[in-house]
Amino acid sequence: MVTTAPDTLIRTNLDFLRRHPPFDRMEGEALHFLGERLATAFYPADSEILMPEDGPPSFFYIVYRGKVQARQVGGVAVTEYATLTLGPGEGFPIGAISAGRPSTNGYLAVEDTYCFQLPAADFLHLQEISPSFQLFCTRYIASLLNQSREQLQIQFSQRAAEQQTMTTSLSSLVKKAPVFVPPGLSTRTALEKMVEAGVGCMAVAGDDDKPVGVLTQSDILKRIVLPGFDLARPIADVMTAPPHTLGSNASAYDAALEMATHGVRHILVVDAEDKLKGVISERDLFALQRIGLRQIRSSIESAADVQALQRASQDIRQLALNLLAQGIGAEQLTQFISALNDALTRRIIELNLDRHDLYGVEYAWLAFGSEGRHEQTLSTDQDNGIIYVLPEWADKEPLKLRLLEFARDVNNDLASCGFPLCTGNIMASNPDLCLTIDEWRERFGTWIREPHPEALLNATIFFDFRVLFGDEKLAYKLRHWLLSMTGGNPAFLKAMATNALDVSPPLGKIRDFVIDDDPKYPGTIDLKKFGARLFVDAARVLALRTGVEATSTVQRLRQGGGRIGMPAEELAAMADGFHFIQLLRLRHQHLDTDHGAPGDNRVKPDDLNELDRRILKEAFRQARKIQLRLKLDYQI
Amino acid sequence: MSWLSRLLPGSGPDLSPEQQASLAAITRHPGPDLGRSHFETRYVIVNAESRPMDGGGQRLIGVGAVAINRGLLHPAESFRAELASAPADALLGLLHFIAKAPLVVYNAPFNQGILERGFEQNLGNVPAMEWLDLMVIMPSLYPERIAGQASMDAWLSAFGIERLDRHDAVLEALAVAQLHQVALARAKAQGLNAPQDLLESQTSRKWLRGS
């Protein structure tokens, strides 16, 4: 009897596994389950195997040959080690895959490496059928300092936003000309001047305007009143010398650090020649941070009612405006708008859960469209839905009614916090969008099987789903199913690609730009329709084709484009183009639109400065490039 | 069967109606788009098992094959057949497993030659296939490792690939498949993104070598 080819290969897998813990102790049946499902992949030295941006991992990896290094990504320590090298027989990422969340480490091949890969669902099943493996994984996870992904993300985005406000230079923070006295002045006169000027800190400087010391209000009690200091003596005898100074180019962050390090509340600001330019107090820095990300976030999380959340949503807008004015990049800005809006939505849901008892119901609140892609601007309306599991013992109608009532309240609260109700009724309170996982599959399946124009339009909205609250695993299952349906379906992908190519970049043959011929908006370009969407639609086709789980356009480009061999520089240029268009949209919405017309994406190229016009042209060229790629790939 | 008899009308192997239908099904099957990326291409790695014939030459006695799909080598995606009892069915099985995917071998003059002869003798005309020979491609992708033509063992040991059993056609195909994964990684880095690119590079390389 001849051994079949799969048997031969499974046997080689098993031979390897039996030599390495914890597989050497694995129950026979479970070991065989594992052995017949392990596929082998090759990663050349210095290549990425798995990164946090990849989203919840699709595979559990076991190093077969070579070396893999686990590296902390970002500066926040989750584990005790900074890097860890894994060799043959060692598996990763156990924690992330068990929890169905993105890995906190980046995994890189440090030499030419072969890895066994087990699909995530099989990994979870393996834990169920193998007590020894489950024990191994549980111990492994317990040994990690368990910090959730949410906490990490908060820290990252907070830092991004805070660094932006805290990078303001001290020269722009100094509002008043400095009040100072010469060192020889009597202490009494100096104190009188302090009262007169209403300052909490008196700087002391010589004739050359160079500061030599400082006296603060808190010094007065300890150094003058209590010891009975003679007020006729010069201030030089009682001041703190030398004072803490910083150059006017130093940042607010530097000042905060200096204050924290030395335990002082004032910093003297000097120019390049060491001349006194002003005084910065702790309170000045505090004012700067009043609408910082951390503050808004904590006010959202502690909000007791919708009124408090309404204030927070105003603050989000104000902060966005400040950051835009300071020139923060579109990527960071949309990321943190997205992070804050997520937090706001979660809090609204939590508040509503007090009134709606959904205990024990497996469900998740989904965001679609731009919110699903983490790309919403401040003038986007609601696009949401619900996915839930119908327990065998439950009646569907009552459960669905409960979910719908809950969704209606959440939708209304979101509307009162500045997310307008969706005119197309793409909202969780719509019975058509509050569906079980099977119903969602059926709906998606119909669109994929019969890609008529309306189905394709739906796909562009609903396939970009993301969980805002609830059980992430539901969406994860749906996504895996969706990608398995679209990946091997060239007809559907071609239809999606054709749809994505419906609109071309507005690049003119004679003039730089083709402007809208709608007489209502003379000389304008709609940057959503003729800009951002070109990238978004093309990236979605790429993601559905290559099985990328991420929903954000840039991630889809990066990962999907990488998989079909597009050079990294080319993809980076496309991402830059997309970011620039997003930035123009945001700038236009927040800075230029006084009338507050929601969703105004119309920009007049003639109003842009020369540099922006050139970059915009280049951005459109990048859009044309990615469209060209689609045309070639699908022969459209 | 002499080479002349094949040219005579009505000659060639006798295939049953089922076998003919099976062969026709493969011929009808649309071939893959060779301009797609490696990630989207299913490659089939084949290895021929042969025995010396009386009077010289080699006779095909078995085949082993494994596939690489989306960069992954999965145990279920493999094939083995012996030609002893029903060679036509064995080779039809192989053609169905290949499903017109581009083929990868080490040492085409031997493997491709003996397989093509086997197809011709047992099935008559079979659809044309694309063959990639790692013996030709590897030195152009990794000239810093081995510059010229080298043995399969030399390349396997350069990348630490174990040759588990040289008498098992499936395990031999497995070793070549692992080598092909290495080849694909470098090909992509060099901008040779699709099977088409590798085939072209192979042709120019053969041309240069004058073979």
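The values are calculated or read from the model by the stated rules, or taken from the named source; none is laboratory data. Since we're looking at a predicted model, the values are computed, not measured. Because the Cβ atoms are built from the backbone with ideal geometry, glycine has one as well, and the counts that use them run over all protein chains shown. Just the protein is used for accessible areas: all its heavy atoms, side chains included, with ligands, DNA and RNA removed. Shrake-Rupley method; radii C 1.70, N 1.55, O 1.52, S 1.80 Å.
Details
- Taken one residue at a time, the phi angles of region B:86-100 give Karplus couplings (6.51, -1.76, 1.60, θ = phi - 60°) of 10, x, 5, 5, 4, 6, 5, x, 4, 4, 5, 5, 5, 6, 6 Hz. Gly and Pro are set to x.
- Rounded to 10°, Cα long-axis angle of helix A:453-462 versus longest principal axis of chain A: 50 degrees
- Along principal axes, Cα extents of region A:329-409, largest first, whole Å: 51, 22, 19
- The count of lysine pairs in region A:176-299 whose Cα atoms are under 21 Å apart, excluding pairs fewer than 8 places apart on the same chain, comes to 10.
- Amide H within-cut-off set for A:LEU507, under 5 Å, with H built and near neighbours excluded: A:VAL514
- Calculated Rg and Dmax of chain A using C-alpha coordinates, Å: 30.0, 112
- Once exposed loop GluC sites (Glu not before Pro) are cut out (DSSP; at most 10 other Cβ, 10 Å), longest piece of chain A: A:393-636
- Stokes-Einstein diffusion for region A:300-448, with the hydrodynamic radius set to the Kirkwood value over Cα pairs and evaluated at 4 °C in a medium of 1.567 mPa s, equals 79 µm²/s.
- Dmax and Rg, reported as Rg then Dmax, of region A:170-289 (C-alpha, Å): 13.9, 41
- Total buried accessible area between A and B, probe 1.4 Å, nearest 100: 2600 Å².
- Region A:322-438 - percent of accessible surface contributed by carbon and sulfur, probe 1.4 Å: 48 percent
- Lysine pairs in region A:413-545 whose alpha-carbon atoms fall under 29 angstrom of each other, counting only those eight or more residues apart or on distinct chains, come to 9.
- Axis angle, to the nearest 10 degrees, between helix A:306-325 and the longest C-alpha principal axis of chain A: 80 degrees.
- Coarse-grained scattering of region B:37-209 at q = 0.08, 0.12, 0.19, 0.20 Å⁻¹, given as base-10 log I(q)/I(0) from a Debye sum over alpha-carbon atoms: -0.23, -0.52, -1.33, -1.45
- A simple spin-label model places pseudo-atoms 7 Å from Cα toward Cβ; at B:ARG51 and A:HIS20 they are separated by 3.9 nm.
- Only Cα sites of region A:493-634 enter the Debye sum here, all with the same form factor; the resulting log10 I(q)/I(0) across q = 0.12, 0.18 1/Å is -0.49, -1.01, listed in q order.
- Projected label distance in nm at A:ASP607 and A:ASP230, using a 7 Å step from Cα toward the beta-carbon: 7.0 nm
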